[in-house]
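The values are calculated or read from the model by the stated rules, or taken from the named source; none is laboratory data. Only a predicted model underlies this, so the values are computations on that prediction, with no experimental measurement involved. In this analysis, Cβ positions are derived from the backbone assuming ideal geometry, glycine residues included, and neighbour counts consider all displayed protein chains. Side chains included, ligands, DNA and RNA excluded: accessible areas come from the protein's heavy atoms. Shrake-Rupley method; radii C 1.70, N 1.55, O 1.52, S 1.80 Å.
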Amino acid sequence: MFPREFEYVAPSSLDEALGTLASNPGAKVMSGGMSLIPLMKLRLFSPELVVDIARIDGLDAIEDRGDHIAIGALVRHEETAASPLVQEHAAALASAAAWTGDRQVRARGTTCGAMAHADIAADQPAAALALGATMVAASSGGTREIAAADFFVDTLTSALETNEILTEVRIPKSSASAYDKLGRRGGHTDYAVAGAAASVAMSGGTVSSAGIALTGVGTKPTLAAGSVEAIVGTDGGADAIAGAVARATEGVTVLEDLYGSAEYKAHLAGVYVGRALEQAIAASH
Amino acid sequence: MVLGTNLRFFRHIGVVEARFQLGLNFLMKGEPHMQVSMTVNGQAVSGDVAPRTLLVHYLREDLRLTGTHVGCETSYCGACTVIVDGKAVKSCTMLTAQAEGAEITTIEGLAENGDLHPVQEGFWERHGLQCGFCTPGMILSAVTLLEENADPSEDEIRLGIEGNLCRCTGYHNIVKAIEYAGAKLRGEEPAPAEWEVKA
């Protein structure tokens, strides 16, 4: 298998890449290619022009920006997973990156690429949602910020326009977050059959705020608003977590797929909301 | 992908060598091509490829390095694994153009002066293969795994080869082969083979 014919450019500057995108509506941005190339090989997607951003300088850093961490467009999954900064302040994202794809995929695929690809069962988008991340999209007209909650629009569809590049993901620092999943090949390997990320803030023994997100259960990585409502204001104990588990798929369209029935997926969503919450709350103590 | 016929008979009789090759290069002949250059197994190489030429096809069909296998072609199986700039990657999910300027090691480049690399030796000594189809990718994955973690536990080895599927062995002897290679690379004496211990 190989893709349909396309043109390829590898600009060396962001401005050049953005200019190319602006004048070529049929162009597609590629960073690692771990999601795009398989789609192109299956001919589910056939762009006229591939703009490879891998040779642009200055997009490969993970930076401490005080109240948040910024992950550049070319930061690979394995770098996000191994970063002490991400592990300390965004543990959910570090786990999600460590369990993305397999070793070879993590060596080339990028965290921002996983966000932009917006797979229904991807790990890192759920972590970004739970952590309240902000996506920074650049175009030749300037940059705009998109809240993670508004970024994942539908299956394989993000809020990015065709002339935009996701240049960085900003993750507000959280000392208490976790991600857990059931991988399609068991354990944590492969895409999630279902998974959940949770981030909590505790004050005076009470959960003062929380972010909880699901992946693998519906048409897109999505927030679990019912679980958040259930856990905020509680002591974060076993009963409170059970309450959040019970409301894991409230308002979420759960769909059957090759890996399980809707009923099974809804059950798993609860299981992993429970596990992610337990780990996040434990980390807050 | 390649339908090749070597009419060696004609060379044998001193007339001509005719070679017909109906591969991807033939298919993509009319498309715009681009110049690429990289280092493969220590040798500088360059060529003209269509942008949609995958690295595995360039290695196999242009460079004739057919030790890199095409398996699932969906980036699951890892049979096409090669080492690019020190990292094991799936060459069926990489454009040749993306490898511009890269240093690539394929299975053909592992042995030095005829001596097997310790990981290759491990696969031989511990019977780490049956049909052999996954073996080149498995070995290259293991080489980078041992570079990153010189003394991996069994669990770490099993996780380290999660991107390489084997349909014959059940992985048992592959894990033993990598343990053997790890010991060799650390300058230790590998543990005896299970069949030697049980005898």
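Side notes on the structure shown:
- Rolling a 1.4 Å probe over the protein heavy atoms of chain B, with every protein chain left in place, gives an accessible area that is 52 percent carbon and sulfur.
- Excluding same-chain neighbours fewer than eight residues apart, the lysines reachable from B:Lys90 by a Cα-Cα span under 29 Å are A:Lys28, A:Lys41, A:Lys181, A:Lys220, B:Lys29, B:Lys176, B:Lys184.
- Mean per-residue shielding of peptide A:185-196 is 1, counting Cβ atoms of other chains within 10 Å of each Cβ.
- For segment A:20-53, a drop of 30 Å² or more in accessible area on going from the chain alone to the assembled protein chains (1.4 Å probe) is found at A:Met34, A:Ile37, A:Pro38, A:Lys41.
- Calculated FRET value between A:Leu255 and A:Leu44, using beta carbons and R₀ = 22 Å, to 0.05: 0.75
- Between B:Trp124 and A:Glu229, the simple spin-label model (points 7 angstrom out along Cα→Cβ) gives 6.8 nm.
- Which of B:Cys77, B:Cys131, B:Cys168 is most accessible, then next, and so on - probe 1.4 Å: B:Cys131, B:Cys168, B:Cys77
- Estimated D of the protein assembly as shown in µm² per second, where Rh is the Kirkwood radius over Cα pairs and Stokes-Einstein applies at 25 °C, 0.890 mPa s: 102 µm²/s
- Ligands, DNA and RNA left out, the 1.4 Å accessible surface of chain A is 50% carbon and sulfur atoms.
- Proximity of backbone amide H atoms, modeled 1.01 Å from N, is registered between A:Ala194 and A:Leu182 at under 5 Å, excluding neighbours fewer than 5 places apart on the same chain.
- Ellipticity at 222 nm from helices only: DSSP H runs of n ≥ 4 in chain A, each -39500 (n - 2.57), divided by the residue count, give -9500 deg cm²/dmol.
- Segment A:1-94: chymotrypsin sites (Phe, Trp or Tyr not before Pro) falling in loop per DSSP and having at most 16 other Cβ within 10 Å: A:Phe45
- Accessible surface, per residue, of chain A when the full set of protein chains is kept, probe 1.4 Å, Å²: 38 Å²
- Accessible solvent surface per residue of chain B, calculated while the other protein chains remain in place, 1.4 angstrom probe, Å²: 50 Å²
- Cα centroids of segment B:40-84 and segment A:238-277: 42 Å apart.
- Solvent-accessible surface (1.4 angstrom probe) belonging to A:Ile120, in square angstrom, nearest 10: 40 Å²
- Peptide A:95-103 is shielded by partner chain Cβ atoms: per residue, an average of 4 of them sit within 10 Å of its Cβ.
- Between A:Ala82 and B:Asp48, the distance separating the two model label sites (each 7 Å from Cα on the Cα→Cβ line) works out to 4.0 nm.
- Value of [θ]222 nm, deg cm²/dmol, for chain B, DSSP H segments ≥ 4, -39500 (n - 2.57) each, nearest 500: -7500 deg cm²/dmol
- Buried area at the A-B interface (accessible, heavy atoms, 1.4 Å probe, summed, Å²): 2800 Å²
- For A:Glu145 and A:Glu263, the difference between the fully extended length at 0.36 nm per residue and the C-alpha to C-alpha distance is 38.9 nm.
- Cα-derived Rg over Rh, computed across chain B with Rh taken as Kirkwood radius: 1.04
- Gap separating the Cα centres of segment A:106-132 and segment A:138-194, nearest whole Å: 4 Å
- Backbone amide hydrogens, once placed in the peptide plane, bring A:Ala176 within less than 5 Å of A:Val200, excluding anything fewer than 5 places away on its chain.
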